[in-house]
Amino acid sequence: MSDSSTRDSATNGEPSGVVVRSTGSWYDVNVDGQVVSSRIRGKFRLKNTDQTNPVVVGDRVSIRMEPDGTGLIVGIEDRFNCISRRAAGRKVGKEHVIVANVDAAWIIQSVLLPKINPGFIDRFIAMAGLHGIPVGVVINKCDLIEETFADAISFWSDLYRGIGYPVLHTSALSGEGVEEFETELKGKTSAIIGPSGVGKSSLLNHIDPELDLRVGDISTRTQKGTHTTTFAALYPLSSGGFVVDTPGLREYGLINLEPELLPHLFVEFERFSAHCRFPNCTHDHEPDCRVKEAVESDELSVERYESYLNILSSLRRGDKDVGR
Ligand SMILES: Nc1nc2c(ncn2[C@@H]2O[C@H](COP(=O)(O)OP(=O)(O)OP(=O)(O)O)[C@@H](O)[C@H]2O)c(=O)[nH]1
Ligand SMILES: [Mg+2]
Ligand SMILES: [Zn+2]
């Protein structure tokens with residue numbers, strides 16, 4: 001994104017459309033309702049080496065039609081936002097963009113199998129704030145709530161609602177809360193993000209059975225999902241709006257975030273941080289820190305504060321594995 005020379009806009013009268021699916025080498029581009037299987041020009045592949053992928057689902061691109069009916073992506077419009085994470089494995093340290101140009105993002109978590117991961121939620125919320133994307137939380141598999149989990153689920157739900165983020169309780173099995181989720185998705189383009197196996201694809205199938213997305217199993221050994229959705233793809237919903245179903249993430253790691261910005265991404269701190277002794281207080285070691293005092297007096301959540309300190313220290317160390 002920082003390299004504007006890769007962002008030739010679509011001006012030359014070539015057909016333009018939206019990338020609706022990407023496999024890494026082929027891109028499905030929707031041009032006026034027609035899906036054109038496309039490749040990218042070599043030069044896009046080489047530029048912007050701090051990112052793993054030059055073109056992502058949601059990108060608006062212009063293509064040149066090849067004699068064999070496939071397309072060649074020759075221009076990419078500037079993105080108005082994107083959702084990215086720190087790449088893992090061989091490409092660790094690079095920015096992996098998951099999807100571009102969305103109106104909203106939903107973090108999907110589940111009660112159990114796998115169980116709710118507040119650290120994931122906090123890091124994702126910070127990223128969404130950084131990119132200016134409205135974000136909400138869906139806690140799926142609520143059919144699995146028993147006495148023992150009920151307290152934990154209401155604890156986390158109250159916490160995030162208290163900060164101002166919508167929290168929905170759903171079950172793709174019983175249908176509980178699914179209508180409410182559908183209402184939230186109407187008329188927007190929303191990214192659906194979360195760990196593998198939480199039921200992202202199942203929820204979308206429940207909302208729109210025509211999608212008929214592949215749904216996976218939960219490994220009996222690890223109690224985790226088995227990475228059933230392998231490529232991000234954008235789908236229209238019959239009730240209106242678009243969703244991007246994405247492959248499950250093992251973890252959600254932050255990237256390209258300056259530690260100084262982090263306090264502002266924990267939005268509930270702001271009310272107190274204005275009164276810290278130092279205007280650039282990091283709420284960590286400084287004296288007369290109102291944020292720390294608010295945690296001690298239970299006006300701010302100790303869980304969120306600890307999450308904040310964890311992220312802050314990883315960012316300061318320049319960890320290659322923030323979020324692990
Ligand atoms: N009990 C229960 N099981 C669910 C629910 N939603 C999904 N599941 C099950 O959870 C498993 C994983 O569902 P998927 O929809 O494939 O999960 P996903 O989040 O899309 O996973 P990836 O594509 O791997 O990222 C399947 O066995 C579903 O049947 C639910 O609300 N309740
Ligand atoms: Mg899936
Ligand atoms: Zn402070």
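The values are calculated or read from the model by the stated rules, or taken from the named source; none is laboratory data. For clarity, every value in this text was computed on a predicted model and none was experimentally measured. Neighbour counts are summed over all protein chains in view; Cβ atoms, including those assigned to glycine, are modelled from backbone coordinates with ideal geometry. Note: areas computed on protein heavy atoms with side chains; ligands, DNA, RNA excluded. Shrake-Rupley method; radii C 1.70, N 1.55, O 1.52, S 1.80 Å.
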Looking only at the stretch 163-195, filter to residues that are free of Cβ contacts under 8 Å to residues at least 60 places away in the same chain and of a type in the set (Gly, Ala, Ser); which one of those is least open to solvent (accessible area, probe 1.4 Å)?
171
Considering 321, 288, 298, which residue is modelled with pLDDT under 95 and of a type outside the set (Val, Ile, Thr)?
321
Just need a number here: residues in the stretch 236-289 that are of a type in the set (S, T, N, Q) and open to solvent by less than 10 Å² (accessible area, probe 1.4 Å).
1
Taking the condition surrounded by fewer than 19 Cβ atoms within 10 Å (Cβ to Cβ), without any contact (Cβ under 8 Å) to a residue 24 or more places away in the chain and either among the acidic types (Asp, Glu) or touching a His at 6+ places or on another chain (Cβ under 8 Å) (or both), does residue 219 pass?
no
Quick one: which strands (runs of 3 or more DSSP E) lie wholly within the stretch 123-235 and hold at least 1 residues that are more than 28 Å from residue 300 (Cβ to Cβ) and either of a type in the set (Ser, Thr, Tyr) or away from ligand 3 (no atom under 16 Å from the Cβ) (or both)?
189-193
